[in-house]
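J.: One structure follows; several queries about it will come next.
The values are calculated or read from the model by the stated rules, or taken from the named source; none is laboratory data. Given the structure is predicted, the values throughout are model-derived calculations rather than measurements. Neighbour counts are summed over all protein chains in view; Cβ atoms, including those assigned to glycine, are modelled from backbone coordinates with ideal geometry. When the accessible area is computed, the model is the full protein with side chains, heavy atoms only, and any ligands, DNA or RNA have been set aside. Shrake-Rupley method; radii C 1.70, N 1.55, O 1.52, S 1.80 Å.
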Amino acid sequence: MSAPTSVPAAETSIKPTDLRGILKYIPRFRDQIFVVALDGAVIADDNLTNLLVDIAVLRSLTIKVVLVHGISQQLAELSTLREIPITNADGTGVTDRPTLDLAVRASSRVSHLVLEGLTQNGLKCAITNAIRALPVGIIRGVDQQFTGRVDRIDKDTLHHLIAADIVPIIQPIGFAPNGHTLRINSDLLAIEVAEALDATKVIYLTNQDGLRINGELRRDIAVDTLRKTLDSVPESVAPTARSKALHAVKAIESGIPRVHLVDGRVYDSLLNEVFSSEGVGTLIYGNDYQQVRKATRSDVRFIHSLTRSAVKREELLHRTQQAIEKNIDQFYVFEVDENIVACVTLQFYPDRPELAELGSLYVMPFHHKRGVGRKMVEFAALRAKELGAKYLLALSTQNPGFFTNVCGFDESDKSALPAERLKTYEASGRNAKVLVRAL
Ligand SMILES: CC(C)(COP(=O)(O)OP(=O)(O)OC[C@H]1O[C@@H](n2cnc3c(N)ncnc32)[C@H](O)[C@@H]1OP(=O)(O)O)[C@@H](O)C(=O)NCCC(=O)NCCS
């Protein structure tokens, strides 16, 4: 075991009151399959015990978990201990016979550790031989020997186990049609398993805090951006995360909606990543992940609490839950990973059909400066135009500069307001700036 790297529980632990927050995820995640890929380095960390408890929590919330594990660290350690040189530690490149033999030993040991930990948490689990593999063969003239690629995954076996409430544990080892053993890279294997089982998430638990591009930790990144970065400037992605980044792109392109990279050494990181809109690692998402949609009645309470702090700071006009509900047709929300992080309203005035008013624009602070506010304004502008408006109005007390500098509005005055709106404007006493944009 390595030196403890876990963050003290008090700093990150989920409070009982957070259960309310977690509860909203349960209907969404019910019976979905998550493939959790544990790096060898995470298995060697003191936080493994906590991670396995977290996996038990996911199971108790009816999330179906399949575990894939790596062995790089253990294989490298075994090689040093026995003074047997290995041709690679991660299952890419050539795997010669001695490396394969050590890999099988390391893998048995790691699987056993996981099996033991899950058993201690009251979970049923099973190590499987569900991975059929073929030798990678000769690449650029070099025989890769015992390095394998996935040929077929025995989905039926895995589904049977899952249905029987048994967590499958998948080793980075496959079996060729002749029964011979081959070594497979576990990053790749996790993706292949997720694809075969139609999983909704792959969660890579690694010994890094997430994906760093040019040294900067990314909390979320669209697959298109990541693909372009990997194609044009691969060296900007930290080498330690490049394999996972490449596999994440492949996974999302083949239909898995989300891939997470999470530091498995940090206490509660898995639960915090799954059960919070902000996450603690890096989320790599498909194009359909961020979106604006019309709000529904079930969003009322959330919109009310979302905007409450801005109302307190007088950035937004106060609206009761009842008022939000009454006007819910005017609201649009922006979702990140199916969580509402921003809202905006669009209102029309019967006596001034050429005008539409944008209001209640609010972006959660965590998501500021990522273009969400601008997107919401652009969306409102497009929608207003579609519905026949020629001008978009906005009133702002504290952020008029956002509308004028960033969103193409001009400052106007209250004479631009429809008669009905002028009355409420004057009655409010807020003296907000009146901003107008031609559509
Ligand atoms: C104003 C608000 C919607 C901006 O949301 P956002 O998602 O951070 O905006 P974007 O990421 O699209 O744009 C950020 C850009 O706007 C600029 N910006 C934000 N507020 C600004 C202001 N008051 N004056 C000038 N520029 C501003 C930022 O500096 C940033 O510029 P950059 O692109 O050069 O980095 C957000 O801060 C918010 O919700 N504020 C509280 C509610 C509010 O005031 N709503 C408006 C009244 S209806």
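J.: Skip the ligands, DNA and RNA, and give the accessible area per residue of the chain with a 1.4 Å probe, whole Å².
T.: 47
J.: What lysines could a cross-link reach from Lys385, if we take a straight Cα to Cα line under 16 Å and drop same-chain neighbours fewer than 8 places away?
T.: Lys375
J.: Across the stretch 310-317, in residue order, what do the Karplus-derived ³J(HN,Hα) couplings come to in whole Hz, using 6.51 cos²θ - 1.76 cosθ + 1.60 with θ = phi - 60° and x for Gly and Pro?
T.: Listing the rounded values in order: 5, 5, 4, 7, 6, 6, 10, 6 Hz.
J.: Could you tell me how far the Cα centroid of the stretch 60-127 sits from the Cα centroid of the stretch 133-156, in Å?
T.: 18
J.: Applying the Karplus parametrisation 6.51 cos²θ - 1.76 cosθ + 1.60 with θ = phi - 60° to the phi angles of the stretch 363-369, what ³J(HN,Hα) value in whole Hz is obtained for each residue in order, glycine and proline being reported as x?
T.: Result, ordered by residue: 10, 4, x, 4, 9, 4, 6 Hz.
J.: Which order do the peptides 338-347, 259-268, 204-213 take when ranked by the mean count of other beta-carbon atoms within 10 Å per residue, highest first?
T.: In decreasing order of mean packing, 338-347, 259-268, 204-213 become 259-268, 204-213, 338-347.
J.: Then there is this: Under 10 Å, Cα contacts only: if you run a Gaussian network model on the chain, which one of Ala199, Ala427, Ala163 comes out with the highest mean-square fluctuation?
T.: Ala427
J.: Which residues in the stretch 373-401 place their backbone N less than 19 Å from a point set 7 Å from the Cα of Ser412 along the Cα-to-Cβ direction?
T.: Answer for this model: 377-401.
J.: Continuing with the same structure: Using θ = phi - 60° and the Karplus form 6.51 cos²θ - 1.76 cosθ + 1.60, what ³J(HN,Hα) does each residue of the stretch 153-169 get, whole Hz, x for Gly and Pro?
T.: 10, 6, 4, 4, 4, 5, 5, 4, 4, 4, 5, 8, 6, 10, 7, x, 10
J.: By how many degrees, 0 to 90 and rounded to 10, does the Cα axis of helix 72-82 deviate from the longest principal axis of the chain?
T.: Helix 72-82 sits roughly 30 degrees off the main axis of the chain.
J.: Could you check the simple spin-label distance between Arg308 and Lys369, using points 7 Å along Cα→Cβ, in nm with one decimal?
T.: Going by the 7 Å Cα→Cβ label model, 2.7 nm.
J.: Just want the answer: with Cβ charges of +1 for Lys and Arg and -1 for Asp and Glu, which residue in Thr320, Ile252, Leu134 is farthest toward the dipole's positive end in the chain?
T.: After comparing all options, I get Thr320.
J.: Using +1 at the C-beta of Lys and Arg and -1 at the C-beta of Asp and Glu, which of His368, Pro350, Val434 has the Cα lying farthest in the positive direction of the dipole of the stretch 291-438?
T.: His368
J.: Per 0.36 nm of contour for each residue apart, how much would the distance between Ala164 and Arg82 grow if the chain were fully extended, relative to their Cα-Cα spacing?
T.: Working: separation 82, 0.36 × 82 = 29.52 nm, distance 4.00 nm.
Extra length from Ala164 to Arg82 when fully extended: 25.5 nm.
J.: Moving on to the next point. Can you tell me the relative contact order of the chain? Whole percent, Cα pairs under 8 Å, sequence separation 6 or more.
T.: Relative CO of the chain lands at 12 percent.
J.: Compute a Gaussian network model of the chain, connecting alpha carbons closer than 10 Å, and tell me which residue from Gly371, Gly279, Gly174 fluctuates the most.
T.: Gly371
J.: Using only C-alpha atoms and all pairs of different ones, pull out the Kirkwood radius for the stretch 52-148 in Å with one decimal.
T.: 15.2
J.: Now for a separate question. Simple spin-label model, 7 Å along Cα-to-Cβ: Ile139 to Leu23 in nm?
T.: According to this spin-label approximation, the distance is 5.0 nm.
J.: Okay, next question. How far is helix 48-60 tilted, in degrees, relative to the longest principal axis of the Cα atoms in the chain, given as a value from 0 to 90 rounded to the nearest 10?
T.: Its long axis makes an angle of about 60 degrees.
J.: If you take every DSSP beta bridge fully contained in the chain, what fraction is antiparallel? Give it as a percent rounded to 5.
T.: Here the antiparallel bridges make up roughly 55 percent for the chain.
J.: Taking only Cα atoms of the stretch 291-438, what ratio of Rg to Rh do you get with Rh as the Kirkwood inverse-distance radius?
T.: Value, to two decimals: 0.93.
J.: Evaluate 2.2 N^0.38 Å with N set to the residue count of the chain, then give the Cα radius of gyration divided by it. Let's see the in-between values first.
T.: On the way: Rg = 26.2 Å, N = 439, 2.2 N^0.38 = 22.2 Å.
This ratio for the chain stands at 1.18.
J.: Estimate the FRET efficiency between Ser428 and Gln32 by the formula 1/(1 + (r/R0)^6), using the beta-carbon distance for r and 45 Å for R0, to the nearest 0.05.
T.: E between Ser428 and Gln32, to the nearest 0.05, is 0.50.
J.: What is the distance, in nm, between label points placed 7 Å from the Cα along the Cα-to-Cβ direction at Asn327 and at Arg105?
T.: 7.2
J.: Would you calculate, for the chain, the mean residue ellipticity at 222 nm contributed by helices, counting each DSSP H stretch of 4 or more residues as -39,500 (n - 2.57) and dividing by all residues, to the nearest 500?
T.: -11000 deg cm²/dmol
J.: In debye to the nearest 20, how big a dipole does the chain give about its Cα centre with +1 on each Lys and Arg Cβ and -1 on each Asp and Glu Cβ?
T.: 980
J.: Here's another thing I want to ask about it. Roughly how tilted is helix 239-253, in degrees to the nearest 10 and between 0 and 90, from the longest Cα axis of the chain?
T.: 70
J.: Once neighbouring chains are kept in place and the probe is 1.4 Å, which whole percent of the accessible area of the stretch 9-289 is contributed by carbon and sulfur?
T.: It is 52 percent, rounded to a whole number.
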